Each structure stands twice: as structure tokens, then as C-alpha cells.
1. I'd like the full set of residues that are more than 16 Å from the ligand (Cβ to nearest atom) and more than 18 Å from residue 86 (Cβ to Cβ), limited to the range 289-321.
2. Could you give me the residue pairs with C-beta distances under 9 Å whose first residue belongs to the range 208-230 and is without any contact (Cβ under 8 Å) to a residue 40 or more places away in the chain, whose second residue is within 12 Å of the ligand (Cβ to nearest atom) and outside any loop (DSSP other than H, G, I, E, B) wherever it lies, and which are 6+ apart or on separate chains?
3. Condition test on residue 228, is it within 14 Å of the ligand (Cβ to nearest atom), crowded, with 20+ Cβ neighbours inside 10 Å, within 29 Å of residue 43 (Cα to Cα) and modelled with pLDDT of 95 or more?
4. Assess whether residue 75 counts as being in contact with a strand residue (DSSP E or B) (Cβ under 9 Å, 6 or more places away or on another chain) and outside any loop (DSSP other than H, G, I, E, B).
5. Would you mind telling me which numbered condition in (1) among the aliphatic types (A, V, I, L, M); (2) modelled with pLDDT under 95; (3) away from the ligand (no atom under 14 Å from the Cβ) residue 254 fails?
6. Here is a list: 184, 139. Which entry is touching a strand residue (DSSP E or B) at 6+ places or on another chain (Cβ under 8 Å), buried (at least 21 other Cβ atoms within 10 Å of the Cβ) and within 30 Å of residue 39 (Cβ to Cβ)?
7. What about residue 319, is it of a type in the set (Ser, Thr, Tyr) and either closer than 29 Å to residue 254 by Cα or surrounded by fewer than 23 Cβ atoms within 10 Å (Cβ to Cβ) (or both)?
Amino acid sequence: MTREELLGWLLEPEGARLTALYEQADRLRRERVGEEVHLRGLIELSNHCIRQCAYCGMRAPNRGMRRYRLTCDEALAAARAAQRFGYGSVVIQAGEDPGLTLDFVSELVKGIRDEIGLAVTLSLGMRSDEELAAWREAGASRYLLRFETSDPALFAAIHPAIPGRPTDRIEHLRRLRRFGYEIGSGVMVGIPGQSYASLADDLFLFQALDLDMIGLGPYLSHPETPLGQGAIAPLPEGVQVPHGAQMVYKALALARLLCPEANIPATTALATLSGADGRELGLARGANVIMPNVTPPQARALYEIYPGKAGKAETAEETFNWLRTRLAALGRSPGHGPGGRHRAD
Ligand code: 5AD
């Protein structure tokens, strides 16, 4: 796909051509990663964060947020629930929290891998080489870190630097790859200041990085953040990427076309924006993964990256039952096994 073609698709209005794009993405998804929907139990381990990302409710300066960190036993119980529901892996996600020490995370990963038997994906921010190596050694096999935008000026504007800590997420992804992780990344769609041209670059970067996993969701405004308070003015109409659902579906379908083998979730942010339909339309337009939340309810309500998070008030059991029914209605089956990247020979 040329850059002009990609840009053309990003700008394509609702209509028959767009429907054909979605069908093409769905077909390619079926051919390359199959009908199974891999289920990853999401464990929101801690909402402490030292970063100051301008869009995120969990940013350090947000004093209004009650902070928590699950104990190892609480996280293991959540992983056991995931295993009971038949999920093949768990994703351990948190803010960038130095309180999650090398040893703590290593123990948790070992417990989940060796005692519960599930594959482990980590999403803990930018951590040291020593930590990344130790966690890989302990048995974590995948790592998620969204680069959010490939536009260096926009990236810098929304990710204030912390003295002494690296901020180059793209370099970090390459490092994760060298440590032997499957790598996942992605962007928010519709960040104020994000142009169509930069979103096209983001999509090509997914391809250049040969991502194993791609996470895409709408930017959702959080009132307690600089971006939510209008710190960056949107670009002129026709240049600024809108943050509506249609735009996310387009990006999702295009990500599938550019990276046919990638595992791509229908994200919680998409479900938050478009209700239950969001997940289903995502699955019909290129996605093949869902990350059902297994975090204990008191904690998941506090993990407030953006307001109104879908499933915030549900138990893991309720999420599971809902999912089972909806997948059956879609004619898709829950995945078996860890559901890693499936490489063509
Ligand atoms: N709206 C949508 N997504 C957000 N994220 C963080 N803040 C927001 C927001 N306000 C996404 C980021 C991050 C992921 C865990 O959640 O892309 O990488």
C-alpha cells in the first residue's frame, strides 16, 4: 500500500468503499489468524504511576486518584479466575510503578506460569534492562508498550520528560525484541494535534516494527488531565484525526491489512466509546483478541485511565458470561492455548 492510498483510506467517508475495506480486513483476518478469538485476562496490578502523560487519568500529578497496588496473592487469584474461564493468557498491566519491584514481578510471573500454567504478557511501562531480562527469564513472553504517536513533536508535547529516565518508546520496543519478547504497541486515535499524515506514519511504523500485537483505541478525554483541559488545540478540520468510532475502525482494518499476522484486540476504549457493539464491530473489522478484565472490582474501578471505562462495575464472572454469549452469536469461538503470534512458514 502506498502512502497516498493509506491516506486516502484514512480520509474515506462512510459508504460502500469503506464497507469493502472492512470486508477485506475481515477476510484477511480469517485467512491469516483464523476464527478463534484469543482471550487474555487483564490484571490491572497497580495504578501508581511516576509519569505525567498529558492524557492519562493515572498521571502522577492527579492527586484526586486513590492509588492501589494488588498483593501477589490477589493477582494470583485473578490469574486463577482467568484460567477457570478458559482464558489462555493474562496481561499484567500497571502504571509505571517503581513499587512493582524486580523481585515482586518475577515471583508473580513465575507463579502464573509455573503454578497456573498461563502465558504472561507484561505492560508495565519503560523498565530497566535488568528488570526486562529478569522477567523474561521468569517466564513472561510478551510485552506491550504503545508508542502513542510517531510524530516526535507531538510525542514530546504529551509525554513530559522525567530527568534520568528514558522516553524513547520505539527504541524500548526494539530492546524488548532483543530480550526475546513478542512485542505489542499501538496508538490512540484522535489525540488533539494528531494529523492524518502522522496516523498514516504510525500505521507504517507498525509494519516496520513487525509488531506481534497492535492495540488501537479512541482517545477519550479525561477532565483531570492537561489534554482534557484543552492544553493542545486540535488541528484544523480535515487535518486533525477525529476521535470517533468510525476512525478507530478504519485504523483497525488498515492495521490488519498492513500486519496480517498480528494479534489485534478489540479494545476496552473502543467498547467504552461505542458500547457492546464496539467490541463486536472491532472483531468484524480486523480484530481477533479480547482482553476481558479479571481485576477484582474494587481495584478495577480505581484504574481510571479515562472516565466511564467499559465493564468498570462488572465482576470477572459477569464479563466472562457476557463474552461467551456474544462470541457465540458472532459465530466465533474462544481461542485455545496461549495464542501467540502465528507466523506463516
Ligand atoms: N484515552 C484513551 N486511551 C488512553 N490511554 C491512556 N489514556 C487514555 C485516554 N485518555 C491508553 C494509552 C495507553 C493505554 C494503556 O491506554 O494508549 O498506552
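1. Of everything in the range 289-321, those that are more than 16 Å from the ligand (Cβ to nearest atom) and more than 18 Å from residue 86 (Cβ to Cβ) turn out to be 296, 297, 298, 301, 313.
2. Every condition considered, the pairs that remain are 209/185.
3. Numbers: within 14 Å of the ligand (Cβ to nearest atom): yes; crowded, with 20+ Cβ neighbours inside 10 Å: no; within 29 Å of residue 43 (Cα to Cα): yes; modelled with pLDDT of 95 or more: yes.
No, not satisfied.
4. When the stated conditions are applied, residue 75 passes them.
5. (2)
6. Only one candidate qualifies: 184.
7. On the way: of a type in the set (Ser, Thr, Tyr): yes; either closer than 29 Å to residue 254 by Cα or surrounded by fewer than 23 Cβ atoms within 10 Å (Cβ to Cβ) (or both): yes.
For residue 319, the condition - of a type in the set (Ser, Thr, Tyr) and either closer than 29 Å to residue 254 by Cα or surrounded by fewer than 23 Cβ atoms within 10 Å (Cβ to Cβ) (or both) - is met.
Residue-by-condition table, conditions (1) buried (at least 18 other Cβ atoms within 10 Å of the Cβ); (2) within 12 Å of the ligand (Cβ to nearest atom); (3) farther than 16 Å from residue 110 by Cβ:
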residue: 48; (1), (2), (3): yes, no, yes
residue: 53; (1), (2), (3): yes, yes, yes
residue: 64; (1), (2), (3): no, no, yes
residue: 71; (1), (2), (3): no, no, no
residue: 74; (1), (2), (3): no, no, yes
residue: 79; (1), (2), (3): yes, no, no
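The values are calculated or read from the model by the stated rules, or taken from the named source; none is laboratory data. Quick caveat, the model's predicted, so the values are computed rather than measured. A quick note on method: Cβ atoms are made from the backbone with ideal geometry, for glycine too, and the neighbour counts reach across all protein chains shown.
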